[in-house]
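Everything on this sheet refers to the single structure shown next.
The values are calculated or read from the model by the stated rules, or taken from the named source; none is laboratory data. Just so it is clear, the model here is predicted, and its values are computed rather than measured. Cβ placement follows ideal geometry from the backbone for every residue including glycine, while neighbour counts extend to all protein chains displayed. Ligands, DNA and RNA are stripped out before the accessible areas are found, and what is left, the full protein with its side chains, is counted by its heavy atoms. Shrake-Rupley method; radii C 1.70, N 1.55, O 1.52, S 1.80 Å.
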Amino acid sequence: MKFSELTQQLGVATIDTSLAIRPDLDPALVGIAAIDQAATGALSFMEGDRFAQWIHNTEASGLILSSDPERQAIATARNIAWIATAQPRLLFAQALSHFYQPWQAAPAIDTTAVIHPTARIGAGVSIGPHVVIHEQVQVGEGVCIHANGVVYPEVQIGDLTTLHANCVIHERSQIGKNCVIHSGAVIGAEGFGFVPTDNGWYKVPQSGVTVLEDQVEVGCNSTIDRPAVGETRIGQGTKIDNLVQVAHGCQIGPHCVLVGQVGLAGHVELGAGVVLGGQVGVADYLQIGEGAIATAQAGITKNVAAGTMVSGFPAMPTKLWLKMMAALRKLPVSKPKI
Amino acid sequence: MKFSELTQQLGVATIDTSLAIRPDLDPALVGIAAIDQAATGALSFMEGDRFAQWIHNTEASGLILSSDPERQAIATARNIAWIATAQPRLLFAQALSHFYQPWQAAPAIDTTAVIHPTARIGAGVSIGPHVVIHEQVQVGEGVCIHANGVVYPEVQIGDLTTLHANCVIHERSQIGKNCVIHSGAVIGAEGFGFVPTDNGWYKVPQSGVTVLEDQVEVGCNSTIDRPAVGETRIGQGTKIDNLVQVAHGCQIGPHCVLVGQVGLAGHVELGAGVVLGGQVGVADYLQIGEGAIATAQAGITKNVAAGTMVSGFPAMPTKLWLKMMAALRKLPVSKPKI
Amino acid sequence: MKFSELTQQLGVATIDTSLAIRPDLDPALVGIAAIDQAATGALSFMEGDRFAQWIHNTEASGLILSSDPERQAIATARNIAWIATAQPRLLFAQALSHFYQPWQAAPAIDTTAVIHPTARIGAGVSIGPHVVIHEQVQVGEGVCIHANGVVYPEVQIGDLTTLHANCVIHERSQIGKNCVIHSGAVIGAEGFGFVPTDNGWYKVPQSGVTVLEDQVEVGCNSTIDRPAVGETRIGQGTKIDNLVQVAHGCQIGPHCVLVGQVGLAGHVELGAGVVLGGQVGVADYLQIGEGAIATAQAGITKNVAAGTMVSGFPAMPTKLWLKMMAALRKLPVSKPKI
C-alpha cells in the first residue's frame, strides 16, 4: 500500500504531511513496526520523548508524528514520508487495522458443542468445539464463543460479543454487546460471602447477578463475582486487564481502566473514567470519584475524590506521597533519644 | 411468604420481633434486597452503621435488625415488620435460602464426559459435558463436576463436593467432603521448585500431594500447588477467595479466610482462624499464629504471633504501622544537613 | 534401593560419604521426605540452618548433607548414612527422580480431540480428550497437550513440550522445546492496548506474537500477552510461577525467575538471571539489569542496575530500604511544630 493511499483512509484529523511538500516521497508500505525495530517499508510512529533519538536512526519508510516541526524536518531530510497529528498513537492504531486483521473463527456451530435445547442462539454466531451452553441462555447475533467456553443457565450475551477460549459465564449474568471476554476469565461466580459462627463460616447465598454493559473488555483469567443480592455492574466501555479481581457488588462506571492484577473488594464504586494502575487494591464499600487515578500498587483505604491522583499505602494524594518518601530518605539514622 | 412464616423457619436465636407488639404487621415478602435498594415486599437487614440513615428511607417491608431499640422503634413507626438478633447478617444469610436456591446440575453423567474405566464414581453424581476423569480417580456420592473439569489420576473427591466449570485437579490430590472449587481453580499442580546450577535452573520433582479437608472453598482461578515431598494441606472449613496463590507445602489451619489475590510462598503455616486481607503476601516458611489477622496488602516477612493484627510492609502490629504512617506525614520537608 | 546404589547413580560431585568409613551402614531406602517428617527408610537432606536441630532427631535412614564435619559426625553416630555435597538441595532433587516419576499421559491422540486437518502433528505426541487445535498449528515430536487445551491458529510448539490441562495458546505464538505450560495458563492473548478518545477507549490491534524460548516454564493461570507490534519474548530457561502477568512487549532474558503473582507492565526488559520475588510489580518500559533481584512486593518504578537488590515501594536498594524502615520506627510521635 502506498503511503498516500493509507493517509487518505485514516479517519483522524491530521495536521500536516510530507506529501504537501514532497508528493514524490510516497513509499510502498509493507508492514508496521515500533520505531526502534522498523525496517525499510515499515510504517511507525513517535509520541513523546521516550524514543526521540530514533528519529535520527529509524529505518522506517513512513512515520506518524506529532506537530513538531523539528522532527518533521529531520524525517523529510532523511527521506521518510510522514503524517502529523495531535494523536500519533491513535492514528497508529487505526493504521494497524490496514495491515492486520485478527483471526476470526468462521460463523458456524461446531458439532461437538453441547447446547441445551432451550437456549436461543442468534444468527451468524460462531460456537467452537466443546462449548457448553446451558438452559435458557440467550446468545445474540454474531456472537463468537471460542473452544471450551462454558455458559451457565439464564445468561444473556449481547450481539457481536466475543468469548475467548475456556471462559466461564455463570448463571444469570448479562453480557452486553461488543464485549470481549478473554481466555480463562470467569464472570458472575459466587461472591465471597461468609458469616462467622461458632461452627465456622456460614456461606451467604449469592442470589445476585453480574452485568457487563456494552463494549466492556475483560482480561485473561480475571474474575468478576456476583453479589448476595443486587448487581455487580461494569459500565459501558470499561476495560479490564488480566488477572483482575472484581468482588461482589462492585459498581464500576463507564470508560474505566483496571490494569493487571487490580483487586476490588466488595461493593466498591468507581465513577466514570477512573484509572487504576497495576496491582492496585481497593477496600470494600469505598467510592472512587470520576476521573480519579491510582498509580500502580496503591492501597486505597478511604474514599478518593473525583479528579485526584493517589499513590502508596495507605493511598494518599500522589504529591503528598512523593513528599513523604523524599522526607523518609533524608531521615538521620542516629540512635533515637529515649 | 408471610413475614411471620419466615421468622418461624429461621434457625438463629432472635431477641425480639415487631410481631410481639404488632401481630397485624405481617407483610407478604416476595424477595430480599440490600437496604438501600429494597422495594416494597422485600426483606432486608441492617448491621452496624454504614447504612444507618436508611432506616428512615428504606422501602423494605421487613427488616432484620440488631438489638437497637431506637431503630426498632423507627421501623415499627414506619410500618416495617422487623426481627432483632445479635447476628443480623447471619439471619439474613439464612433468610436468603428461603428465596433463592442456586442452580444445580441434574444428577447424571453426560455422554460427552471421558471417564477412565478404572475410576470409581459414587451414586448420585452429576458429571457435566466434556469432563475428563483419569485412571484410579475416586469420586464420592453426590459430587458435581461441572463442564470441562479435568481430574488427573488417583485423585480422591469426597461426597457432596462441587467442582465448577474448567477446574483442574492434579494427580493424587485429596479433596474432602462438601468442598466447593470454583471455576478455573487449579489444585495440586507442581510446586515451583528449582535449584540454581551452572546450566540454569534444575527442576525439583514434585512428588507430594495437595489435601483439602472438608468444607473447604477455593475461589475462581486460584492455585494451590503440591510440594516436592509431603503435603500441602488446607484445613477444614477454610475459605479461599479468587486468584489466591498457595505455594507448595503450606499448612493452613481450619476456618481460615484468604481474601482475593493473597499469595503464600512455600511452606507457610497458618494456625486456626487466621484471616488474611486482599493481596496480602507471606514469605516462605513463616508461621502465622491462631486467630491472627493481616490487613489488606500487608507483606509478612516474620512470624506473626497468635491473636495479633498486622499491617503494612514489612508487616508490623497495626497500631505501630498507623503510628509510623502518622509520624511520616508530619516530617518536615526542609533540606537535610549534610 | 540400597543407599550405596543410589549414591553411585547421582550425578553431582560429592565431597564425602559415610560409606568411606562405615561401608556396613548401607540402609535400604524406600522413599524420600523432608527431614522433619522423615520415617525409617527415608532419604532426606539438610541445607542451611533452618532445620539444623533435626540432625539430632530425624528418623531418616539416609541424609544428604553439606560439608559440615560436625553434622556428619552426628549423623554417623546416630547410624544415619550420609553423603556430603556442596549442593545438598540439588542432590536431593536428583535423588527424588529415583523414587518418583510424574504421571505421563500415554502417547496417543484422543478421539475426542478436534484437530484441524492443516495442523501438522509430530511423532509420539499425546493429545488428550477435548483438546482443540486450529489451522496451521505445528506440534513437535513428543509434545503432550493435556485435556481441554486450546491452540489457536498458526501456533508452533517445540519438541517435548508439555501443556497441562485447560491451557490456551493464542494465534501465532511460538513455544520452544522442553517447555512446561501449567494448567490454565494463557499465552499470547491480546495485549491491553487502548487509546483515549472522546468516544471512549479505542482498541489498538495486537498484531505481534509471543515467543517462549526453550526450557521455559509458565505457572498455572499465568498470562503472557502479545504486543501491538513485534514480540513478547521469554528467554531460555526462564521459570514463571503461578498467577503471573507479563504484559505486551516484555523482553525477558534467559534463566530469570518470576515468583507467584509478579506483574510486569508493557515493554519491561529483564536481563539474564533476574529474580523477582512474589507480588513484585514493574512499571512499563523499565529495564532490570542482569542478575538483579527484587524482594517480594517491591514496586519498581525506575530502572534497576545489574546485580543490585531492591525492595519496597518505590523500590530502592534493599539496604537503603531497611535503613529507612528502621529510621521510620524511631520517629517521635510528638505533635509537630506548626
Inset, instruction - Could you please find all residues in the range B:230-254 being over 22 Å from C:ILE35 (Cβ atoms) and assigned to a loop (DSSP other than H, G, I, E, B)? - result: B:GLY235, B:GLN236, B:GLY237, B:THR238, B:ASP241, B:ASN242, B:LEU243, B:VAL244, B:GLY253, B:PRO254
Inset, instruction - Quick one: which residue in C:CYS179, C:CYS167 is more than 29 Å from A:VAL257 (Cβ to Cβ) and more than 7 Å from every other protein chain (Cβ to nearest Cβ)? - result: C:CYS179
Inset, instruction - Tell me which of these B:THR210 doesn't satisfy, since it passes every other one: (1) of a type in the set (Val, Ile, Thr); (2) within 8 Å of chain C (Cβ to nearest Cβ); (3) in contact (Cβ under 8 Å) with a residue 40 or more places away in the chain. - result: (2)
Inset, instruction - Search the range C:302-316 for residues that are away from chain A (no Cβ under 12 Å) and touching a residue at least 40 places away in the same chain (Cβ under 8 Å) and pair each with any residue that is open to solvent by 50 Å² or more (accessible area, probe 1.4 Å) and small (Gly, Ala, Ser) when their beta-carbon atoms are under 8 Å apart and the residues are at least 6 apart or on different chains. - result: none
Legend entry - Test set (1) within 22 Å of A:CYS167 (Cα to Cα); (2) free of Cβ contacts under 8 Å to residues at least 24 places away in the same chain; (3) surrounded by fewer than 21 Cβ atoms within 10 Å (Cβ to Cβ) - B:GLN104 fails condition number: (2)
Legend entry - Scope the range B:19-31; condition open to solvent by less than 30 Å² (accessible area, probe 1.4 Å) and either within 20 Å of A:THR197 (Cβ to Cβ) or among the small types (Gly, Ala, Ser) (or both); matching residues: B:GLY31
Inset, instruction - Within the range A:296-312, track down each residue that is in a loop (DSSP other than H, G, I, E, B) and open to solvent by 40 Å² or more (accessible area, probe 1.4 Å). - result: A:ALA296, A:THR301, A:LYS302, A:ASN303, A:ALA305, A:ALA306, A:GLY307, A:THR308
Inset, instruction - Working carefully through the options A:VAL257, A:VAL244, A:VAL275, find the one that is assigned by TED's automatic domain parsing to the domain that holds A:LEU212, under 25 Å from C:GLY184 (Cβ atoms) and surrounded by fewer than 23 Cβ atoms within 10 Å (Cβ to Cβ). - result: A:VAL257
Legend entry - Identity of the residue in the range B:255-281, in a loop (DSSP other than H, G, I, E, B) and more than 20 Å from C:ALA296 (Cα to Cα), that ends up farthest from the other protein chains (Cβ to nearest Cβ): B:GLY271
Inset, instruction - Name every residue in the range C:141-164 that is more than 13 Å from every other protein chain (Cβ to nearest Cβ), farther than 19 Å from C:THR223 by Cβ and open to solvent by less than 10 Å² (accessible area, probe 1.4 Å), in order of residue number. - result: C:VAL143
Inset, instruction - Starting from the range C:23-42, keep only residues that are within 14 Å of chain B (Cβ to nearest Cβ), then list their pairs with residues that are hydroxyl-bearing (Ser, Thr, Tyr) and open to solvent by less than 30 Å² (accessible area, probe 1.4 Å) whose Cβ atoms are within a distance under 6 Å, requiring at least 6 positions of separation or different chains. - result: C:ALA33/C:SER44; C:ILE35/C:SER44; C:ILE35/C:THR58; C:ALA38/C:SER44; C:ALA38/C:THR58; C:GLY41/C:SER61
Inset, instruction - Name the residue, out of B:GLN287, B:GLN245, that is of a type in the set (S, T, N, Q) and under 18 Å from the mean Cα position of the chain (by Cα). - result: B:GLN245
Legend entry - Where A:THR161 falls short, out of the listed (1) assigned by TED's automatic domain parsing to the domain that holds A:GLY235; (2) within 19 Å of the chain's Cα centre (by Cα): (1)
Inset, instruction - Assess whether A:VAL186 counts as being open to solvent by less than 10 Å² (accessible area, probe 1.4 Å) and either among the hydrophobic types (A, V, I, L, M, F, W, C) or at the interface with chain B (Cβ under 7 Å from one of its Cβ atoms) (or both). - result: yes
Inset, instruction - Answer yes if at least one residue in the range B:6-18 is open to solvent by 90 Å² or more (accessible area, probe 1.4 Å) and modelled with pLDDT of 95 or more, and no otherwise. - result: no
Inset, instruction - Please specify each residue of the range B:115-138 satisfying the condition of being assigned to a strand (DSSP E or B) and more than 24 Å from C:ILE145 (Cβ to Cβ). - result: B:ARG120, B:ILE121, B:SER126, B:GLN138
